[in-house]
1. If I model a spin label as a point 7 Å beyond the Cα along the Cα-Cβ vector, how far apart are those points for residue B:318 and residue B:144 in nm?
2. In whole Hz and in residue order, list the ³J(HN,Hα) couplings for segment A:259-269 that follow from phi through the Karplus curve 6.51 cos²θ - 1.76 cosθ + 1.60, θ = phi - 60°; x for Gly and Pro.
3. For a protection proxy built on the mean count of beta-carbon atoms within 10 angstrom, sort A:107-115, B:89-97 highest first, please.
4. Hey, what do the phi angles of segment A:142-156 turn into as Karplus ³J(HN,Hα) couplings, whole Hz, using 6.51/-1.76/1.60 and θ = phi - 60°, x for Gly and Pro?
5. Lys/Arg Cβ at +1, Asp/Glu Cβ at -1, dipole of chain B taken about the Cα centre: which of B:295, B:24, B:172 is farthest positive-ward?
6. With respect to the cross-link table entries A:246/B:260; A:28/A:104; A:300/B:48; B:66/B:254, which display a Cα-Cα separation exceeding 31 Å?
7. Counting only other chains, what is the mean number of Cβ atoms within 10 angstrom of the Cβ of each residue in peptide B:40-47?
8. Determine ³J(HN,Hα), in whole Hz, for all residues of segment B:155-164 in sequence, where each value follows from phi through the Karplus function 6.51 cos²θ - 1.76 cosθ + 1.60 and θ = phi - 60°; x replaces Gly and Pro.
Amino acid sequence: MTHSAFPQSGDSPETSQSDTHRLIGIGKMGCLVSSTILERGEFAFKGIALNNDPSLFEDLHPSTLTLLCDGGGNISVHGNAETPDQQGSAEDEAYSLPLGKSSKWAVIVAGLGGEFTCDFMGRVISTLRQQNSMVLVVASLPFDMEGEDKTAVAEKSLNQLVQEADAVIALPNQSYLKKRTQSVKLKEAFELSRRCLTEAVEGVWGMLHADGLTNIRLSHLKNLFQGHHVKGLFASAHAHGEDRVKSALDSLLAHPQMEDGGALKLADACLLQVTGDESLTFKDVERIKRHIRKYLPADKSLVVGTSVNGEMKDHLRVSIVSAHFSGPKPNTLAVIDGNPKPGMEVFQVDIEKDGVQPGIAEQQGSLDEEMVLSGTDVSGALNLETSNPMMPPSSSKRSKRGGKPYFQTFLNLGGKKNGRFANTDPTFYNSVNLDEPTYQRKGVFFN
Amino acid sequence: MWMFKQDSLITALEIGTSKVVAIVAELNESEALNIIGFGQAPSQGVIKGQIVDRKLAYEAIRQAVKAAELKSDLELHQVYLGVTGQHITSSNYTGSHAIASLDRCITDEDIDDVMSNARRFNLAQGQHMIHVIRQQFMVDGQRMINSPVGLSGSDLGVVLHAVQGYKDDLHAPVQLLRRMKLEAENIAFNGLASALAVLSPAQKAEGALVIDLGGGTTDYAICSRGVVCHSGVLAVGGDHVTQDLATGLGCPFKRAEDLKIKFGSAIVSEAARGQVREITNESGIMDRRVNVENLHRIMAERLKEIFAIIAAEMDRCDVADMAQLVVLCGGGAYIPEICTLAGKVLELPVQIGAAVNLHGPSTIIERPEYATALGLLKFGAFDMVRQREASSKIIPLKQRLKNLLRIDH
């Protein structure tokens, strides 16, 4: 497969294209999100929807080019949508898809996890490559409760995407639940995921497309997500009024993906876009940058882009994209009894001596008789294990140590962790928020 | 009634997280500082060393300054202001200068040039330099503390330790002072001020780490061979200990503070195991029982972490071997067994600091919580002598005071 030349630092989506960029939704989630973006009309996209269920097409924006996939893997133009112009595509190759007139940019949006998406994503990118389009993929990863099969399919798709697309932003759905209880309604969770995916596509495109003073470019995005950092976050917030910087920052940190800023602790790098009207000051940008910087580990980079849009009229928008380590989270706390995964931080607890010794689980299943501490949120003593997406659900509250009931007391874990420091700039050291009680972070047991 | 010469008066003001302290002193003819006024007020509107509520902070500062004015019978106009907070950072810079003269003899002009070269570091946008401290010279790579004037060499180098902070954060207290017609004569980093107060010249020469355990921040400075070689701020202090207790024991912050003072300890002693205290509420009614062992454990974890971070920072900056002694000051120095814990974590002998070379009531100069304000007085004395020297060239006095910390700013 021949990849198109990657844009140089001076390139931006605006500079060298004249035709409308393509927004391609694959699968139900992708189709709905792309349709929503077309309806909003903020960006001039040519919409393309690819799905195996024709009934979905009725709900999409009328300008969408709908492509139906049958059970045999054949794809055809569906309904009364306009006939695609095959100019520039390699029609003679059976592998190619009727994706319409070529464009410099193509944005693919999808919910990963479905077999359909997995099967056709590669073909779509391949066709786009043949048309010399640059491909940006924004995708969501399934919730844990959707099962291991879906997770495995999503991981497979993601690995494929990273190889083939110019930039991939994968947003784990599970992260939306971290601040919420597990009792969140299914419909609500999927709607939230859809909304956030829509926001991410618009936000990332806006970030790249902005007529900026200091631009964020595709090269930044690509560098951000190269290597093993395949999962990321996107959050955006806007505010207006007198203290719009503070309001925007508060809203940004309250975003479901941000975990009150804690999610940035695991970021390997971060892109920050600040957009405002003519009244945007250097101090505003500096203040936002400094605030975000405090959440990032000191050795991680922060790329800042700024743009002025006169139509925003006293509004300020702050968007952030970051890439995360795909490994387990360090220095975290939750309690389960079960088997640790390799690499997970383990504390061997000897209750009689009241000692807590950190170690690393080297082999799954080798530490049956020890309690495992991991995860991030300590939102309540009763649902600690469910707050940790990396850990398997606990089947029992009983310790396997001698078959005795497992008894552990944390002191008031349900309380607000930062207390009087909640409204101050957090104190981070080596990515650890020191405003949180030390004993909680270290998982110290009490009598 | 004016009892003192106005040009010999120094006022130190520390706007801390737990208290605001103003101390007035006179620098007499024999180079000694005599404390003549003292004012203190509980701090408000300050968290982690930084002003978060200007109105409350203004009132606390006003009370402390007013008390100092009453005590000294003076109207105060200028103060030396202590600053801290997590916006303050420090780093080391080097500069070099080629000796151009034919005989390769180093002159005062060469010293000025190399200092000027070393000062050309780039500050981040919005940052302000608070201190630039000369650490050592290097003549053709050979390190030396004392001035190399008169020596021969082809290349002169210097290492500077710089302390910087964000202008906005530094201006906040200065602007508050202006509202009450007080001018900040100069500002100084609290960590350096504390070191200036509690270290004797011998301790500075041998190497000592001064840790000021404040309410909102922990400031530290390491002196070796008579100069400051590293300093820093950790925006974690006694308030964090109290907040941990409040969270852990499920009680209000104020009550957790009382428990910390009454029953606190930096280590979990054998005597505390299983010990339960019954505590009363504001009305004097016994309303709950507190497990003292848990209380001590919560405190020990936090304090141990603070010392461990300082130790890690010393390792990171390659200055761990320079300290032969730890001197604790600040309100945290009163925590029982704090020296034991610090000694265990830092693996050095530990002592509680008291101001040296100051004259005044022992209730002030011997108390570790006033180390910063007392250090500010010394800093002010140095500053004042520099100004005097600039007009009257009193060289011997300058040299003596320069030996305090060799601060150039």
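Taken together, the values in this text are just the output of simple stated rules run on the coordinates, not laboratory data. Keep in mind that what you see is a predicted model, and the values were worked out from it rather than measured. Don't worry about glycine lacking a Cβ; one is built from the backbone with ideal geometry, like all the others, and counts go over all protein chains shown.
1. 2.2
2. Each residue of segment A:259-269 in turn: 6, 6, x, x, 5, 6, 4, 9, 6, 8, 6 Hz.
3. Per-residue mean Cβ counts within 10 Å order the peptides as A:107-115, B:89-97.
4. After applying 6.51 cos²θ - 1.76 cosθ + 1.60, I find x, 5, 4, 5, 6, x, 5, 4, 5, 4, 5, 5, 4, 4, 5 Hz.
5. Of the listed residues, the answer is B:295.
6. Those over the limit are A:246/B:260.
7. Averaged over the peptide's residues, the number is 1.
8. For segment B:155-164, the Karplus-derived couplings read 9, 10, x, 8, 10, 10, 9, 10, 10, 10 Hz, x marking Gly and Pro.
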